[in-house]
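Structure first, commentary second.
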2 protein chains.
Amino acid sequence: MRPQKVLDEEILTGLTKVFRAKGYEGASLKDLSDATGLKKASLYHRFPNGKQEMANAVLSHLDYWVTNNVFKTLLNEEITPQTRLKKGLAEIKRLYDDGNETCIFRALSMQAGVELFEEQIKNGMQEWIATFFNLGLALNFTKQEAEIMALQVLIEIQGSLIVCKGMGDIKIFETAVQQIENKYLNT
Amino acid sequence: MRPQKVLDEEILTGLTKVFRAKGYEGASLKDLSDATGLKKASLYHRFPNGKQEMANAVLSHLDYWVTNNVFKTLLNEEITPQTRLKKGLAEIKRLYDDGNETCIFRALSMQAGVELFEEQIKNGMQEWIATFFNLGLALNFTKQEAEIMALQVLIEIQGSLIVCKGMGDIKIFETAVQQIENKYLNT
DNA sequence: AATTACTTACCGAACATTCGGTAAAATTTA
DNA sequence: TAAATTTTACCGAATGTTCGGTAAGTAATT
């Protein structure tokens, strides 16, 4: 049998899983090869600039996913802000597999990774903040309130994911997401 | 001259700096050697079980520091809970160098590290929660309130440190600590 | 006090393994 | 056949770890 072309989507999925779990330095080409089903040299065919290009592809891939799922939902003006929030938070749960998956920002922001991806991480975080700021306004909070709340959302997601992993209890993430909903809906 | 003994404190300080910044896999023996002033072989003289023993020493060292500074302050019954809180938060700022240093839990809880240090990380986090739970009770919150607040403290510290690093703005950490104080003091 | 034995603290060099990366060949599509 | 894709085989460098050995201190013996 001739080796069939491995689909881009499968490759991205595999790379993403490894980088999220192990970070930049921790992710070896062997890991990436095993996760994608491609040999090292084949990965270099797809990503001539090596590991860094793979990590960049993962960042872009996730940014694309978040933009077209999380943000798109949260900013969809065809439905009420309340519904947007609930559906958007559901997408966030999907993104982090209910607390089982780490955030790529966290994984790639250790020294050795942080210099390489500084800009993407910063931009990515700003997108999160901008989106929730927008939603806050739509829910009739003041600019100042919405600003503080948006930053707080990012902090609580990141924090709960870490505590989640450290304590081995995904309920912590679930609760954090629920509290975000409550805060925005005043319940 | 007989080679002068490098002080344990210096070694721990160096090891801690590297593991906090780079994580377990990211910290190479070269890094650890440079940071401590001991050659690789000498590090193995002090830590016969190698890198893992070094990381464990760092965890113990930080746990000791936190116990004798952060927790001791927060639980010091000779002063009012309000004062305890303020002084304890000041110690926390010291621990994280006002947001410039990462948390060792975060650094060591990537895959490859997480299996090795699972227990210490979990126990460490539980100590944090127990301490702030105690403080919450001392400030007349109900058991349920104090429980939620304690977990929230851990989440906000961890989360703000990550967002801090990602956004390149230590003010985020400072604000988070201030909000913790406000929450406990109802201001 | 002098000799001997042992321990501590460190280091250079080598170990096997794994690292990220490359060239060339094999395989398959078109 | 020409182009694209994957593989085998390989490389130098870096990894964590171990070995052999040195210099200096301590303890025990005489």
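With the requirement that a residue be surrounded by 14 or more Cβ atoms within 10 Å (Cβ to Cβ) and free of Cβ contacts under 8 Å to residues at least 24 places away in the same chain, what does segment A:44-89 give you?
A:TYR44, A:PHE47, A:GLU53, A:LYS72, A:THR73, A:ASN76, A:LYS87
Under the condition of being of a type in the set (A, V, I, L, M, F, W, C) and in a loop (DSSP other than H, G, I, E, B), which residue from segment B:134-187 is nearest to the other protein chains (Cβ to nearest Cβ)?
The selected residue is B:ILE170.
Table: residues versus (1) within 28 Å of A:TYR24 (Cα to Cα); (2) more than 16 Å from DNA strand C (Cβ to nearest atom).
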{"residue": "A:VAL58", "(1), (2)": "yes, no"}
{"residue": "A:LEU62", "(1), (2)": "yes, yes"}
{"residue": "A:VAL70", "(1), (2)": "yes, yes"}
{"residue": "A:THR83", "(1), (2)": "no, yes"}
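Looking at (1) without any contact (Cβ under 8 Å) to a residue 60 or more places away in the chain; (2) out of contact with any Phe, Trp or Tyr (no Cβ under 6 Å at 6 or more places or on another chain), can you tell me which one B:PHE19 breaks?
Here B:PHE19 clears every test but (1).
Would you point out the residue of segment B:20-77, among those that are of a type in the set (Ser, Thr, Tyr) and within 22 Å of B:LEU161 (Cβ to Cβ), that is nearest to the other protein chains (Cβ to nearest Cβ)?
Ranking the qualifying residues of segment B:20-77, first place goes to B:TYR24.
Take the residues in segment A:92-132 that are more than 13 Å from chain B (Cβ to nearest Cβ) and crowded, with 19+ Cβ neighbours inside 10 Å; name whichever of them is nearest to A:VAL177 (Cα to Cα).
Once the filter is applied, the top-ranked residue is A:ILE92.
Out of segment A:70-103, which residues are in a helix (DSSP H, G or I) and within 11 Å of the chain's Cα centre (by Cα)?
Within segment A:70-103, A:VAL70, A:GLU91, A:ILE92, A:LYS93, A:ARG94, A:LEU95, A:ASP97 qualify.
Among A:LYS40, A:LYS17, which is the only one that is open to solvent by 60 Å² or more (accessible area, probe 1.4 Å), more than 24 Å from B:ALA107 (Cα to Cα) and in contact with a helix residue (DSSP H, G or I) (Cβ under 7 Å, 6 or more places away or on another chain)?
Step by step, each of A:LYS40, A:LYS17 is checked, and only A:LYS40 is open to solvent by 60 Å² or more (accessible area, probe 1.4 Å), more than 24 Å from B:ALA107 (Cα to Cα) and in contact with a helix residue (DSSP H, G or I) (Cβ under 7 Å, 6 or more places away or on another chain).
The values are calculated or read from the model by the stated rules, or taken from the named source; none is laboratory data. Everything numeric in this text was worked out from a predicted model, so none of it was measured. Every residue, glycine among them, receives a Cβ derived from its backbone with ideal geometry; neighbour counts consider all protein chains shown. Protein only, heavy atoms only, side chains kept; ligands, DNA and RNA dropped before computing areas. Shrake-Rupley method; radii C 1.70, N 1.55, O 1.52, S 1.80 Å.
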